[in-house]
Amino acid sequence: MSLIQSTSNAFQIVDRTNDVVLLPQNWTLMNDSGLWQEEFLSTSTITFEERNGSLSIVKDQIRGAKPQTASNDLRKLHSYSTTHHPFIDALYPQDIEGKTRPGSMGTQLDTKDAALLRKLEKARKSFDRTLNFARFRTLANGDAWAPNGTVVENFYTAMGKTRNNVSFALGNANTDIIAKCEEIISGFQAAATEGQVINRVIAYCSPGFFTSLINHARVQAAYNLYAAVAPQQISRDRAGGMGLYRRFVFSNIEFIEVSQIVDGIPLVDTNKAVFVADDGDGSFVTYYSPAARFGYVNTVAEPMYAWTFEDPRMTEITIECEMNVLNVLRNPLFVAGGSVS
């Protein structure tokens with residue numbers, strides 16, 4: 001602590017205690033999950049080939065008869081543009097003139113470099129938050145996340161697939177929840193047609209779905225046993241461990257409660273759950289493209305870009321940032337939906 005002049009009495013000296021920092025929590029559960037692979041492009045266009053074929057049982061035949069044949073694989077080329085997310089800010093002399101540096105106990109003046117660093121860090125966290133939100137919303141319904149309509153695409157429609165949506169009927173005490181979970185898992189197994197190994201199944205749940213699940217008559221016993229075996233862990237999960245997310249493993253599925261709402265939109269829709277099969281094999285990919293500026297043309301992309309431009313008249317410093325990205329469900333059948341009712 002340090003002694004400073006009182007703000008209410010010019011002749012009084014008071015203690016300046018540690019600052020209280022009240023900033024939005026930067027939730028990045030999806031970014032930290034390890035589910036999404038990242039690829040860095042040298043152009044703003046994503047192109048990959050989809051091949052659909054079939055295998056058959058080769059039956060026995062009389063020697064000399066015409067043998068069986070196989071149909072050719074169906075090939076389709078998918079092409080998408082990345083979305084462009086620009087951001088601009090500025091620092092002015094009056095922003096630091098006569099002002100103390102945040103967190104300095106009121107004894108050090110702010111500086112241009114420190115103020116610029118804070119603004120750049122805020123921009124980076126905003127992009128992290130955007131990416132986390134975009135990934136959740138792409139999983140929610142299979143749409144490429146572009147709220148202003150710069151890219152319009154649904155990966156289920158593009159690939160001719162239909163999402164497996166399971167009603168868990170959690171309002172019915174007699175519902176066989178294990179059978180519902182098996183319906184989700186069997187759907188993923190049926191979609192693993194290229195020999196993928198499903199490492200885990202995760203369910204990102206709205207608070208309504210998660211609460212209804214653990215309160216269901218056929219789940220309560222398992223949850224209570226979990227609570228009895230690891231009460232301290234449950235307390236940590238609820239009160240601070242793992243980023244305030246409650247978790248519960250049931251019937252080979254890890255259920256995670258996601259309660260965050262960003263700009264009025266929940267990360268997981270109300271009374272819904274999004275089930276994901278993690279195969280670790282590129283089914284979920286985030287593509288980045290480079291900045292459309294000289295010096296970056298035909299270079300490998302970076303996750304985000306930031307530049308500072310100091311006005312020659314020394315009146316302002318402009319900060320320009322951008323992220324060019326698209327989250328793609330390369331195997332949309334590895335995502336399923338669940339609902340409370």
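The values are calculated or read from the model by the stated rules, or taken from the named source; none is laboratory data. No experiment lies behind these values; they were computed from the predicted model shown. Ligands, DNA and RNA are stripped out before the accessible areas are found, and what is left, the full protein with its side chains, is counted by its heavy atoms. Shrake-Rupley method; radii C 1.70, N 1.55, O 1.52, S 1.80 Å.
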Under 30 Å from the Cα of Lys122 - lysines, other chains or at least 8 residues apart: Lys99, Lys112
Separation between Cα centres of the range 116-139 and the range 185-206, rounded to whole Å: 28
Residue-normalised accessible area of the range 44-192, given per residue in Å² at a 1.4 Å probe: 63
Kyte-Doolittle at least 1.0, axis length at least 24 Å by Cα - qualifying DSSP helices, the chain: none
For Lys119, solvent-accessible area (1.4 Å; no DNA, RNA or ligand), Å²: 50
Carbon + sulfur, % of accessible area of the chain - ligands and nucleic acids excluded, 1.4 Å: 52
Read-out P(r) over Cα pairs in 20 Å bins from 0, in percent, derived from the coordinates shown; its label in (1) 31, 58, 11, 0; (2) 23, 44, 26, 6, 1, 0; (3) 28, 51, 14, 5, 2, 0: (2)
Residues of type aspartates and glutamates that Lys76 reaches as a straight line, Cα spacing below 15 Å, ignoring anything fewer than 8 places off in the same chain: Glu49, Glu50
